[in-house]
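Notes follow the structure.
What follows is calculated from the coordinates using simple rules that are stated; it is not laboratory data. Bear in mind the structure is a predicted one, so any value in this text is a computation, not a measurement. Neighbour counts are summed over all protein chains in view; Cβ atoms, including those assigned to glycine, are modelled from backbone coordinates with ideal geometry.
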Amino acid sequence: MTRPTNNQRGARALRAFHEEDEQQKTYDLALLRRLGPYLAPHRGVLIASLVALLALSALALGRPLVMQHGMNAAASAAPGASDQLVKAGLSLLAMISAEQLLIFLQIFSMQIVGARAMHDLRLQVFQFLHTRRLAFFDNQPVGRLVTRVTNDVDALNEMFASGALNAVGDLLRLLGIVALMLYLNWKLALIAFAAVPPIALLVNWIRKRARVAFREIRLKTARLNASLAEQISGMAVVQAYAREEPCQAEFDEINRTYRDVNYRSIALDAGQDAAIEMVSSICIAALIWYAGARVFGEQIPFGQLVAFVAYIEQFFGPIRDLSARYTILQSSLTGAERIFQLLDSTEEDAPPHPSPAPDGDPSLALSFEQVSFAYKAGAPVLQEISFAARPGERIALVGATGSGKSTIASLLLRLYDPTAGTLRVEGRDVLALDRTTLRRRFAVVPQDVFLFPGTVADNIALGDPSPDRSRVERCLQQIGALDLFQQRPGALDAPVDERGSNFSAGERQLLAFARALYRDAPILILDEATASVDSVTEARLQTALDALLSRRTALIIAHRLSTVRSVDRILVLSQGQIVEQGSHDELLQKDGLYARLHALHQTGSLLT
């Protein structure tokens, strides 16, 4: 047996990463019922749309009867026949004009309902994503989540935009046509009804395959979006390593599979329309053949034949529309499946109603009590970590990559929850605190600063809906960077591009310091806050850093040992455990792991 090549294994891994979990069988009515809460606030407009739909059906059913009356009058050659024909024509004109007005009102109101309901659903999905644990995003490609909020909601909105919900009106119209055809001439009606069984079998055959086809389209759309998001976000690496051609080939393979699954749905849709049109034409031809001689034999009035032909066309119209709308409905409900599958996820970032927190201990700013944590079962990152910090104390965390330094900060912010032990902030168990209340106690200066599109002032006053410009200026002045940002066109109103791409790494770090000062939280987390700045910028930050630390509890994640000399206590981590702690001088005297790391740093090695 031949083994798969590296390329085949890579392609298989790529598919496993991008493909969605297999959807479980979901019933259409259950999915439609779940849309009820989103439609309920707009029930008035929805009812108006349905009333217009009923009026449209009534007018459409009445038109052939008016035509029959006019044609019979014209064929009779009785006195006043021409007047009767003119009246019938004017009546038809009035009915058609009313239909067009109602069509506009009905489509407009239905699409308004759809736009509003999908706005509410999209907002709920977006808000829902903010309640997920960070681990949820570790295992989800960005493109997949973007697909939920965009493509899948748009697919569901197509149900309203295309008039798929008008199937109710089509069904009522079909029942009315059946009743009127039986009333006018039951023999002719049976000719038309003979076409129903083959059409029903065809629609049922297509129905079983349409959901599968549209489900695959949604899967491939998510895969396409995920791949595109990765390639764009990693463009610098792609170009630096000259990976353009392999990446294009990879995307081409994904794009081809997306195109191929669309072929199947196109073939099903086109085959259905062609088959229904063919059956309709055969039925009309059979009706004319059967009734033609009888019209001339005066067994069937000419007006009745005209009305019957009109009803036949109307009869197949709703059938054709129902099948087309059912196809759209299958596509829309496939999107709904995926959206509600996401919303049914039960793993939340915090309990919806945290239990009341007991009174805290003002003598402790934060404490870890036998805290353990693992991102994945069987692979512990932290093992029984215990330490405490007093208000105003500065504690540094040092250690090799993977020792658990950043994980400790993540647990403090409740980005993750410990698997064992207790973590307290100001004496209160973080699991009993509302996450928003907890995070307001912290200001974070990360090594990789994330800036949002907007202005300089907006990014410094992050979370403040109305930035205090004088306070923003004071924060920049305190870190010695006010002149630097005032030199930019627009000063505090200077635009910030996506992720702050129009600012240097050092400028982004300065903005992160100003953001922390603006937040003015009692506990500060610094993740090697000066790692991305040059010596001149670092000198600007040093005075502001000392002032910031003197009034706050600080947890400093250190990669460069030169930044931890002046802290109150250093915790040395190795393989998720605290192996040493003390001041810089005390740890050097112990001649342990910290002393070895310091020696490596002194010889020019980088601790990462």
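What the table below lists for this structure:
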| read-out | value |
| --- | --- |
| Sorted by Cβ density within 10 Å, fewest first, the residues T553, T150, T455 | T150, T455, T553 |
| Within-10-Å neighbourhood charge of I328 [Cβ basis; K, R +1; D, E -1] | -1 |
| Extension gain, S281 back to S566 (0.36 nm per residue minus Cα-Cα distance, nm) | 93.6 nm |
| Charge dipole magnitude, Cβ of K and R +1, D and E -1 - the range 366-602, Cα centre, debye nearest 20 | 300 debye |
| Sparse-neighbour loop sites [trypsin sites (Lys or Arg not before Pro); the range 220-291; at most 15 other C-beta within 10 Å; DSSP] | R243 |
| Angstrom value of the Kirkwood radius, inverse mean 1/r, which spans all Cα pairs in the range 366-602 | 18.7 Å |
| Which of M235, M95, M159 has the fewest Cβ neighbours within 10 Å, and the rest in rising order | M235, M95, M159 |
| Of every Cα-Cα pair in the range 408-529, the percent that sits beyond 18 Å | 54 percent |
| Distance in nm between pseudo-label sites at L182 and R551 (7 Å out along the Cβ direction from Cα) | 8.5 nm |
| Cα gyration tensor shape of the range 145-273, rounded if a/c is under 1.5, else prolate or oblate by comparing a/b with b/c | prolate |
| Chymotrypsin sites (Phe, Trp or Tyr not before Pro) within the range 370-478: DSSP coil, no more than 15 neighbouring Cβ in 10 Å | F450 |
| DSSP-assigned coil residues among trypsin sites (Lys or Arg not before Pro) in the range 410-506, each with at most 13 further Cβ atoms within 10 Å | R440 |
| Full-stretch length increase - L90, Q581 - with 0.36 nm per residue and alpha-carbon distance subtracted | 167.1 nm |
